[in-house]
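Just below is one structure, and these are the notes that go with it.
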Amino acid sequence: MSEAKLSNNAKKVQAALSDFGLDLVVVEFPKSTRTAQEAADAIRCSVEQIVKSLVFQRQPSGKAVLIAASGGNRVNEKQIKEIMGEKIVRADAEFVRAVTGYPIGGVPPLAHTQPIETIIDEDLMNYEVIWAAAGTPNAVFRLSPQELVLITKGKVVSIK
């Protein structure tokens, strides 16, 4: 799909990817890729290869943290508290949009409104190819786990 046909949010993600000098291409699907399962079905990959960009709010500091989780995994909030030294709570839609610039279900791992500390699920490192949201609930892009670490400057840890 040419960049001209991408939605505005997907274009923003594509531009950010291009700024890294990586040959990564945003694709928009006619159907939703909002959930990890919907994305896996549309792409025809395993749900574990989907990067769920989950935004949490640290307590008491109020700072945002993005957890790039493998589609099949749940975040163990106690484990993350051990790593970060602060409790985390799932952010509401308003907070997510304010800090990322994107709606829940379309949050990419980069190109946010403000810098966000990122934690990457170590299970994503088990795959050659993974897929991340690209700004809308039906846009994604393919990348390697190493490229995910590069574009997010994320810390790879066990989130389970």
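Mind jotting down the distance between the C-alpha centroids of the stretch 116-141 and the stretch 1-55, whole Å?
After rounding, the separation between the Cα centres reads 9 Å.
Given [x] 2, 6, 5, 5, 4, 4, 4, 4, 4, 3, 4, 3, 3, 3, 3, 3, 3, 3, 3, 3, 2, 2, 2, 2, 2, 2, 2, 2, 2, 2, 2, 2, 2, 1, 1, 1, 1, 0, 0; [y] 2, 10, 20, 23, 23, 14, 6, 2, 0; [z] 1, 8, 14, 19, 18, 13, 8, 5, 4, 3, 2, 2, 1, 0, 0 as candidate values of P(r) over Cα pairs in 5 Å bins from 0, in percent, which corresponds to the one derived from the coordinates?
Checking each listed value against the structure points to [y].
If each DSSP helix of 4+ residues adds -39,500 (n - 2.57) and the sum is divided by the residues in the chain, what number results at 222 nm, nearest 500 deg cm²/dmol?
-7500 deg cm²/dmol
Quick check for me: using +1 on Lys/Arg Cβ and -1 on Asp/Glu Cβ, what's the dipole size of the chain about its Cα centre, in debye to the nearest 20?
Rounded to the nearest 20 debye, it is 380 debye.
Only Cα pairs under 8 Å and at least 6 apart count here; give the relative contact order of the stretch 3-157 as a rounded whole percent.
Computed value for the stretch 3-157: 27 percent relative contact order.
For a Förster distance of 22 Å, can you work out the FRET efficiency between the beta-carbons of Asp19 and Ser144, rounded to the nearest 0.05?
Computed FRET efficiency for Asp19 and Ser144 comes out at 0.80.
For the stretch 62-146, which trypsin sites (Lys or Arg not before Pro) are both in a DSSP coil and crowded by at most 12 other Cβ atoms within 10 Å?
Sites meeting the loop and neighbour criteria: Arg74.
Just so you know, all these numbers are worked out from the coordinates, no wet-lab data involved. Predicted, not measured: the structure shown is a model, and the values here were computed from it. Cβ: placed from backbone, ideal geometry, glycine included. Neighbour counts: every protein chain shown.
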